[in-house]
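Accompanying notes for the structure given below.
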Amino acid sequence: MTAPSRVRRRTVRRGRLPVVLAVPALIGLAFLVVPLIGMLVQTPWSTLGDQLFSQEVGQALLLSLVCASLATVLCLVLGVPLAWLLARSDLPGRGVLRALVTVPLVLPPVVGGVALLLVLGRRGLIGEHLHEWFGVSLPFTTAGVVVAEAFVAMPFLVIAVEGALRGADSRFEEAAATLGASRWLTFRRVTLPSIAPGVVAGTVLCWARALGEFGATITFAGNFPGRTTTMPLAVYLALETDPGAAIVLSVVLLLVSVVVLVSLRDRWIGGTP
Amino acid sequence: MTLRADLHVTRGAFRLDLPLTVEPGEVVALLGPNGAGKTTALRALAGLLPVTSGDIRLDDAVWDRPPELFVPPENRAVGVVFQDYLLFNHLSALENVAFGPRARGLDRASARARARTWLDRVGLADHAGKRPRALSGGQAQRVALARALVTEPGLLLLDEPLAALDASNRLHVRSSLARHLAEYPGRTLLVTHDPLDAMVLADRIVIVEHGQVVQEGPPAEVARRPRTDYVAHLVGLNLYRGVASGTGVRLDDGGSFTVAEPATGAVHIAFSPTAVSLHRDVPEGSPRNAWPVTVADIEQHAHTVRVRLDGDPPVLADVTPAVIAELGLSPGARVWATVKATEAAVYPA
């Protein structure tokens with residue numbers, strides 16, 4: 001009779017967290033969650049609808065969605081082949097390439113914007129010729145927003161897709177080759193379908209990153225309402241003139257983030273479907 | 001019209017040297033222990049691995065001749081059945097089989113029609129729409145075979161085609177595979193570590209150990225006259241090397257042996273464990289080989305007991321459980337082993 005009760009007491013004690021860990025853990029949790037809750041509390045829910053459909057906000061939202069989507073397409077077109085190159089080719093110095101690809105991931109986005117300006121600006125290394133030969137000038141245009149967002153967001157896609165490629169069994173590609181498939185056909189019909197979940201995850205992540213991009217965008221594309229003022233820029237601007245609008249814009253972005261997180265829940269927070 | 005290959009592949013410390021010919025309609029089995037280089041040879045033939053030196057030719061076409069020529073796998077007339085089949089999981093059985101014809105330029109409808117014909121030939125017409133995961137091991141193997149053969153390749157390569165199956169399926173799948181191989185007019189190379197697969201499916205067996213050919217011949221010949229301990233073990237025979245003069249053979253590892261047919265020079269002696277009798281005392285005058293041995297190990301098989309015996313030479317004996325009881329055999333027991341001279345095959349080493 002005494003033995004089971006002792007066992008039970010012991011399991012109870014084991015379930016309790018040590019205070020040294022529990023307190024910082026709870027503070028940490030609060031630190032991450034309270035600001036978001038605070039924002040939701042401060043949200044002027046009664047005028048939310050009006051704010052959301054006001055011209056300023058609608059414009060910024062639309063521009064953000066379009067630019068983020070275009071940037072994502074650009075990242076897919078360039079990033080998936082780049083991931084393939086990093087994962088599958090026997091290129092020398094692949095490790096160095098991989099490191100280079102991940103630089104924009106850790107680089108402060110403002111620095112990225114400066115770098116883009118120096119290269120693609122009207123007097124930049126490449127921008128000069130773009131302007132001279134084609135009359136194209138990227139800085140301070142909507143196209144510039146797309147470029148800035150793609151620059152910052154592409155590493156997310158490349159890393160996700162490369163990871164999927166490394167995890168995929170390359171023997172299936174060999175099987176396809178023995179069946180007469182060229183490398184391109186093999187990539188399209190065998191490799192890509194097998195890494196589809198990784199590509200989807202990378203795409204969503206890339207899109208979310210592009211949507212939230214601030215530093216590189218404002219540096220490279222400036223802040224012109226209707227042309228380059230995306231949601232994050234609008235939030236920043238509105239904070240000085242119309243804090244209510246800033247909150248509404250922020251809530252919209254928060255909502256988008258949550259949707260992204262939910263759509264990736266299996267992969268990122270280990271939830272079961 | 002023959003596959004002629006002289007495969008030399010060096011990978012780190014491993015070296016494969018394998019001359020190989022396969023005639024049209026012939027099935028050659030590459031038999032050897034794991035790590036012998038069988039799969040390396042198969043990959044070289046498929047074009048998944050370039051040879052270091054040597055060449056590969058099918059009919060008049062040169063597939064690989066370093067340094068100047070290498071034909072990639074997609075341009076070789078080759079069909080491969082991989083060890084775990086590697087069926088494309090996102091495609092149905094039919095689409096898997098149609099993949100090859102499509103990749104080789106056939107339009108979708110014709111490719112599907114041909115795939116359907118082949119699925120029918122392997123008896124899987126009813127499973128055309130199924131994904132590979134929904135197929136049993138035996139069915140997946142047949143889809144893989146159909147996928148490899150649908151493009152009518154000049155060379156069919158099978159990598160351990162039965163290894164992924166459980167024992168109950170294997171017998172049935174093996175006989176159906178034998179039937180399809182008999183109908184296939186091209187050259188077949190089968191890579192396996194299972195001697196039974198090689199014996200049943202192949203017209204000729206090439207045995208590879210440590211990247212080298214150690215024996216080659218028809219299955220019956222290999223089964224009767226093994227040349228290495230590995231092969232002897234596979235086919236279940238006692239094998240010794242020795243030097244003969246007349247009917248007496250001095251064994252390399254100690255002891256001597258009397259054989260029925262006179263021979264001279266280096267020879268192999270092989271006999272079945274069932275040819276070995278065990279006695280408590282020295283048997284009296286008969287044309288037998290008799291020598292004292294010590295029981296090292298006793299193993300129960302289906303209806304016989306295999307006894308491993310140490311002595312000059314050591315020997316395996318298959319006896320009945322009655323003999324074990326009669327002689328009171330247990331590890332460490334000392335008995336006499338006898339073998340009739342006529343039971344032993346003698347052939348030049």
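None of the figures in this text is laboratory data; all of them are computed from the coordinates on show. Since this is a predicted model, take the numbers as computed values, not measurements. Methodologically, a virtual Cβ is constructed for each residue, glycine included, from the backbone with ideal geometry; neighbour enumeration extends over all protein chains shown.
Summary table below
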quantity: Mean Cβ neighbour count within 10 Å, used as a protection proxy, ranking B:191-202, B:300-311 highest first; calculated: B:191-202, B:300-311
quantity: Residues residue A:166 and residue A:103, FRET efficiency given R0 of 30 Å [Cβ-Cβ distance, rounded to 0.05]; calculated: 0.90
quantity: Two-decimal ratio, the protein assembly as shown, of alpha-carbon radius of gyration to 2.2 N^0.38 Å; calculated: 1.43
quantity: Sum of side-chain charges, residue B:163 neighbourhood, beta-carbon under 13 Å (Lys, Arg +1; Asp, Glu -1); calculated: -3
quantity: Quotient of Cα Rg and 2.2 N^0.38 Å for chain B, N being how many residues it contains; calculated: 1.21
quantity: The range B:144-242: GluC sites (Glu not before Pro) in DSSP coil with no more than 14 other Cβ atoms inside 10 Å; calculated: none
quantity: DSSP bridge orientation in the range B:112-232 - percent antiparallel, rounded to nearest 5; calculated: 50
quantity: Percent breakdown of C-alpha pair distances by 5 Å bin, ordered from the shortest bin, for the range A:199-248; calculated: 5, 21, 23, 21, 16, 9, 4, 1, 0
quantity: Per principal axis, descending, Cα span of the range B:237-348 in whole Å; calculated: 40, 28, 21
quantity: Inter-chain Cβ neighbour average for residues A:166-174, partner chain, 10 Å; calculated: 3
quantity: Extension gain from residue A:27 to residue A:54, taking 0.36 nm per residue of separation minus the Cα-Cα distance; calculated: 5.9 nm
quantity: Inter-chain Cβ neighbour average for residues B:78-88, partner chain, 10 Å; calculated: 4
quantity: MRE, 222 nm, helices only [DSSP H, n ≥ 4, -39500 (n - 2.57), over chain A, to nearest 500]; calculated: -23500 deg cm²/dmol
quantity: Kirkwood hydrodynamic radius of the range A:53-166, Cα pairs, Å; calculated: 15.5
quantity: Residues in the range B:207-235 that a label on residue B:21 would reach, taking backbone N under 15 Å of a point 7 Å out along Cα→Cβ; calculated: B:216-218
quantity: Neighbour-count order for A:236, B:85, fewest beta carbons within 10 angstrom listed first; calculated: A:236, B:85
quantity: Fraction of beta bridges assigned by DSSP in chain B that are antiparallel (%, nearest 5); calculated: 80
quantity: Packing-based exposure ordering (other Cβ within 10 Å, fewest first) of B:269, A:159; calculated: A:159, B:269
quantity: Residue B:297-residue A:16 FRET efficiency (beta carbon distance; Förster radius 60 Å; 0.05 resolution); calculated: 0.55
quantity: Per-residue mean of C-beta atoms belonging to partner chains within 10 Å, peptide B:48-54; calculated: 1
quantity: FRET efficiency, residue B:349 to residue A:91 (Cβ-Cβ, R0 51 Å, nearest 0.05); calculated: 0.50
quantity: Burial ordering of B:253, A:90, fewest other beta-carbon atoms within 10 Å first; calculated: A:90, B:253
quantity: For residue B:21, net neighbour charge (Lys/Arg +1, Asp/Glu -1) across residues whose Cβ lies under 13 Å away; calculated: -3
